[in-house]
Amino acid sequence: MQSKPHSLFDLSDKVAIVTGGGSGLGREFCDVLAEYGADVVCPDLYKERADETCKIIEKYGHRTLPLQSDLSRYDQVRDMFRKVMDNFGRVDILVNNAGISARPARISEVDLDDWHNVINIDLHGVFYCMREGLKIMIEQKSGNIINIASVLGIMVTPPSVLSVPPYVAAKFAVVGLTKEAAGEYGEYGIRVNCIAPGFHHGTRLGGKEIPQTPQPKPSEASPGVIERTPLGRTASPEELKGLLLYLASDSSSFMTGQIIAHDGGLSVW
Ligand SMILES: NC(=O)c1ccc[n+]([C@@H]2O[C@H](COP(=O)([O-])OP(=O)(O)OC[C@H]3O[C@@H](n4cnc5c(N)ncnc54)[C@H](O)[C@@H]3O)[C@@H](O)[C@H]2O)c1
């Protein structure tokens, strides 16, 4: 079934990549991009997750490509882009979403493996994908990058609420990379923006990626979060679809270098 989206949000003939699109927020991003007309590539560490997402979005009638990729490894990022170019010949929208969180700990107690695991995917993975994606977009003289940081990329919470230093460090860096890239590549018609989500329930944020570590969802781990959120609740992942679509489409054609919080107001304090 082909959808007939309003032209303000039409993504027909666009090719989109959503890293870590196999679950959580990434799956919602794949869904809304396909619903509004894009062909969607879904690289994920776990092929079965990518396959499942692509199966779900098949109903919109556009092309999909599930891939197994560890995007914390530069060789695999290069390989992923090679496959996308072989199959589609272009990249219009790149959503850098793949990420994990860390066990809560103050800086002096952070486990070094946790530090490296989180920095490797949440920061290096985003940088690698931007590096390769930008090369293609420069050639095209067009492109749209949407980085998924976190509200913990624009603020910190008191240690009594949540302390995840490697995650905070990586997400603040992604905010910086977003602004840097927007400044560097505007002349090529490339836009780079960033979403800073607050707490969205029903997503994994870690889990198997850090062995032997049960990963409480932030909303469960941090009761103080809801008390500090003006809207008094966490969000469902579907609530992020509209903002992603806005940034991915020509509706936001004059916007670049912006960091938009989707956090129920948590970051106003
Ligand atoms: N869920 C939230 O409340 C929330 C809040 C703030 C920011 N975020 C950010 O949103 C993004 C998605 O989070 P989520 O909660 O949907 O997590 P999730 O765990 O549900 O989904 C992340 C996906 O990324 C994949 N992934 C992990 N490491 C990878 C790697 N090395 N290579 C390729 N794929 C990899 C996982 O397999 C998974 O499918 C993350 O960047 C996260 O930091 C989420």
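The values are calculated or read from the model by the stated rules, or taken from the named source; none is laboratory data. Model, not experiment: these values are computed from the prediction. As a convention, Cβ positions derive from the backbone with ideal geometry for all residues, glycine included, and neighbour counts pool all protein chains shown. Heavy atoms of the whole protein, side chains included, go into the accessibility calculation; ligands, DNA and RNA do not. Shrake-Rupley method; radii C 1.70, N 1.55, O 1.52, S 1.80 Å.
Of note:
- Of all accessible heavy-atom area on the chain, the percent that carbon and sulfur account for (1.4 Å): 52 percent
- Table column - 3J(HN,Hα) (Hz), the stretch 165-172, Karplus curve with 6.51, -1.76, 1.60, x for Gly and Pro: x, x, 5, 4, 4, 5, 6, 4
- Note on Lys135 and Asp113: the model spin-label points, each 7 Å out from Cα along the C-beta direction, lie 3.3 nm apart.
- Surface/4 of the Cα convex hull for the chain, nm²: 13.4 nm²
- Placing R0 at 22 angstrom, the Cβ-Cβ distance between Val268 and Arg106 gives a FRET efficiency of 0.30 after rounding to 0.05.
- Mean ellipticity per residue at 222 nm, deg cm²/dmol - from DSSP H runs of n ≥ 4 across the chain, formula -39500 (n - 2.57): -11000 deg cm²/dmol
- Spin-label pair Glu184/Ser251, simplified geometry with 7 Å Cα→Cβ offset, distance in nm: 3.0 nm
- Dipole of the stretch 7-268 [Lys/Arg +1, Asp/Glu -1 at C-beta], most positive-end residue of Met85, Val118, Gly186: Val118
- Solvent-accessible area per residue for the chain (1.4 angstrom probe, square angstrom): 45 Å²
- A crude spin-label estimate for the pair Asp86 and Glu58, with each label 7 Å from Cα along the Cβ direction, gives 2.2 nm.
- Unsatisfied cross-links (Cα-Cα over 30 Å) in the set Lys55/Lys241; Lys59/Lys171; Lys14/Lys179; Lys179/Lys241; Lys83/Lys179; Lys141/Lys171: Lys59/Lys171
- For the chain, share of DSSP beta bridges that run antiparallel, in % to the nearest 5: 0 percent
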